[in-house]
Amino acid sequence: MGSFTGTHGVRLSASVEATSSGSGKQVFTTGEAARLCNLSQQTIIRCFDAGRVRGYRVPGSKTRRIPRGELVRFMRSHNMPLDVMGESDTVLLVVEDDLDTVQDIRRVAEAINGYSVHVASTAYEAGVLTAKLDPQVLVMNTRLPDLDVLTVCRSVRIANGEPGTTVILLANKYRSEELQECKDVGIKHFLRKPIDDIEFSKVLMSAVNA
């Protein structure tokens with residue numbers, strides 16, 4: 001990787017070649033993060049201090065530490081290859097009990113490529129897989145029995161001006177008060193069923209490129 005543009009438009013140069021694998025490791029120093037991101041350590045430190053990559057300082061020292069999830073989030077947000085982390089595809093969780101809709105979503109995701117698609121057909125499965133997978137994109141049928149959409153959305157970090165989970169809701173119809181409640185928690189994408197492949201594809205691509 002030659003360079004990338006930071007979240008505030010700052011262009012960062014890549015100067016350190018990634019030489020070690022981050023697979024399985026849960027916490028990283030700024031030097032380790034720099035090697036995995038193919039950036040200089042000073043660049044990672046500047047991103048850390050600016051809040052573009054989150055972490056914590058070791059008590060009693062100025063040493064910085066970056067949790068795995070935050071490093072993966074940072075790398076995904078700048079389209080960095082995740083093979084060095086033992087991860088690659090963008091995780092897409094579909095919360096839907098209609099097989100035809102699930103197949104439509106799979107077809108669009110496979111056409112775009114780069115997605116790992118997981119499916120939950122009940123509210124319980126949705127909760128378990130959301131906690132386990134920490135999906136980058138969450139597609140939910142708002143009419144699934146026992147599913148509290150707002151509760152699920154509050155359990156994930158919704159992308160709203162920063163990298164996080166992009167939520168896409170599906171329904172045959174939306175009530176005005178329902179739309180407002182969902183918008184209030186940061187949801188921006190509302191699609192009608194049956195899904196239109198072109199419309200869904202546009203939303204899906206904008207979600208991962210946001």
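The values are calculated or read from the model by the stated rules, or taken from the named source; none is laboratory data. Quick caveat, the model's predicted, so the values are computed rather than measured. Note that we place each Cβ from the backbone using ideal geometry, even for glycine, and neighbour counts take in every protein chain shown.
Considering only residues of the range 168-210 that are in a strand (DSSP E or B) and over 22 Å from the mean Cα position of the chain (by Cα), which is farthest from E110 (Cα to Cα)? Walk me through how you get there before you give the answer.
Going through the range 168-210, the residues in a strand (DSSP E or B) turn out to be 168-171, 189-192.
Narrowing the set further to residues that are over 22 Å from the mean Cα position of the chain (by Cα) leaves 171, 192.
Details: A171: 22, R192: 21 Å.
Among those that are in a strand (DSSP E or B) and over 22 Å from the mean Cα position of the chain (by Cα), it is A171.
May I ask you to list the residues in the range 121-141 that are in a loop (DSSP other than H, G, I, E, B) and surrounded by 21 or more Cβ atoms within 10 Å (Cβ to Cβ)?
Taking the range 121-141 and keeping what is in a loop (DSSP other than H, G, I, E, B), we get 121-122, 134-136.
P135, Q136 - these are the residues of the range 121-141 that are in a loop (DSSP other than H, G, I, E, B) and surrounded by 21 or more Cβ atoms within 10 Å (Cβ to Cβ).
Might you let me know whether the range 154-164 holds any residue that is part of a strand (DSSP E or B) and either within 15 Å of H189 (Cα to Cα) or at pLDDT 90 or above (or both)? If you could, list the steps in order and put the result at the bottom.
Just the residues of the range 154-164 that are part of a strand (DSSP E or B), to begin with: 158.
Applying the additional criterion that residues be either within 15 Å of H189 (Cα to Cα) or at pLDDT 90 or above (or both) yields 158.
The answer is yes; a qualifying residue exists.
Is it the case that T151 is closer than 23 Å to D89 by Cβ and not in a loop (DSSP other than H, G, I, E, B)? Please lay out each step first, then the result.
On the way: closer than 23 Å to D89 by Cβ: no; not in a loop (DSSP other than H, G, I, E, B): yes.
So T151 fails the test.
The rows are residues; the columns are (1) under 21 Å from L191 (Cβ atoms); (2) of a type in the set (A, V, I, L, M).
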{"site": "D49", "(1), (2)": "no, no"}
{"site": "M85", "(1), (2)": "no, yes"}
{"site": "D104", "(1), (2)": "yes, no"}
{"site": "A123", "(1), (2)": "yes, yes"}
{"site": "A126", "(1), (2)": "yes, yes"}
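Conditions (1) within 30 Å of L147 (Cβ to Cβ); (2) touching a Ser or Thr at 6+ places or on another chain (Cβ under 7 Å); (3) basic (K, R), marked per residue:
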site: A33; (1), (2), (3): no, no, no
site: F48; (1), (2), (3): no, yes, no
site: K62; (1), (2), (3): no, no, yes
site: G86; (1), (2), (3): no, yes, no
site: V91; (1), (2), (3): yes, yes, no
site: V108; (1), (2), (3): yes, yes, no
site: I112; (1), (2), (3): yes, yes, no
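Select the helices (runs of 4 or more DSSP H) contained entirely in the range 35-116, then report the ones holding at least 2 residues which are charged (D, E, K, R), at pLDDT 90 or above and surrounded by 14 or more Cβ atoms within 10 Å (Cβ to Cβ).
99-112
Go through the range 89-116 and report how many residues are within 30 Å of A34 (Cβ to Cβ) and free of Cβ contacts under 8 Å to residues at least 12 places away in the same chain.
Let us first name the residues in the range 89-116 that are within 30 Å of A34 (Cβ to Cβ), namely 89-92, 113-116.
Checking the rest, the ones that are also free of Cβ contacts under 8 Å to residues at least 12 places away in the same chain come to 113.
Number satisfying all stated conditions: 1.
Kindly evaluate V119 against the criterion of being more than 30 Å from A34 (Cβ to Cβ), aliphatic (A, V, I, L, M) and assigned by TED's automatic domain parsing to the domain that holds F200. Please lay out each step first, then the result.
Details: more than 30 Å from A34 (Cβ to Cβ): yes; aliphatic (A, V, I, L, M): yes; assigned by TED's automatic domain parsing to the domain that holds F200: yes.
Answer is yes for this residue.
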